[in-house]
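Only the coordinates and a few stated rules stand behind these numbers; no lab work does. Because the structure is a prediction, the values reported are computed rather than measured. For neighbour counting, all protein chains shown are included, and Cβ atoms are generated from backbone atoms with ideal geometry for every residue, glycine included.
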């Protein structure tokens, strides 16, 4: 009987200490985002792929599969390893070999951005205000986790990023969409 109160006290201390931990930049699959946005998914419109969506929203006029955008941008658009408002984040092969592109809507801090993109969760849907976290060891945006809006957490998969193609237009337009 005497062991029970000690066990309960130890459990209470463990629970209270667990609440002190910050998961703000937790590279694990579950975590909170600090982007100050409410990620949402638009359904019901005409199905849209990531490439035409990124091209229309960013003004980066490149055609072809997303996995070709990084090389096709060379010499035509400025490219960067750092995210900027309005830039197109180019991801290597995701669930398909064709890669993925998303438009940077907001730079939150050195490890978190917010993107808008299409065809991420299901065919043709548009995901808005979607947080993305840099989980690269060198803090160089080469590896990211993407917020999973239906579950309210960062997804468990890590995606490789080739870089960011900078928008030729006025980035203030992108911030107001």
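Using the basic label-point model (7 angstrom from Cα toward the beta carbon), what is the residue 43 to residue 56 distance in nanometres?
Roughly 2.0 nm, to one decimal.
Based on the mean of other Cβ atoms within 10 Å per residue, sort peptides 47-59, 66-78 so the most packed one is first.
Output ranking for 47-59, 66-78: 47-59, 66-78.
With contacts defined as alpha carbon pairs under 8 Å and 6 or more residues apart, what's the relative contact order of the stretch 40-175 in percent?
Values: 324 pairs, mean separation 41.5, N = 136.
Dividing the mean separation by the residue count of the stretch 40-175 yields 30 percent.
Per the Debye formula with a single identical scatterer at each Cα and no solvent contribution, what log10 I(q)/I(0) holds for the stretch 40-175 at q = 0.14, 0.15, 0.17, 0.22 Å⁻¹?
-0.55, -0.64, -0.84, -1.51
Taking the simple approach of a point 7 Å from Cα along Cα-to-Cβ for both residue 136 and residue 71, what is their distance in nm?
2.0
Order 86-92, 105-111, 143-149 from most to least packed using the mean count of other Cβ atoms within 10 Å.
The peptides rank, most packed first, as 86-92, 143-149, 105-111.
When each pair of different Cα atoms in the stretch 80-158 is counted once in the 1/r mean, what is the Kirkwood radius in angstroms, to one decimal?
Computed over the stretch 80-158, the radius equals 12.7 Å.
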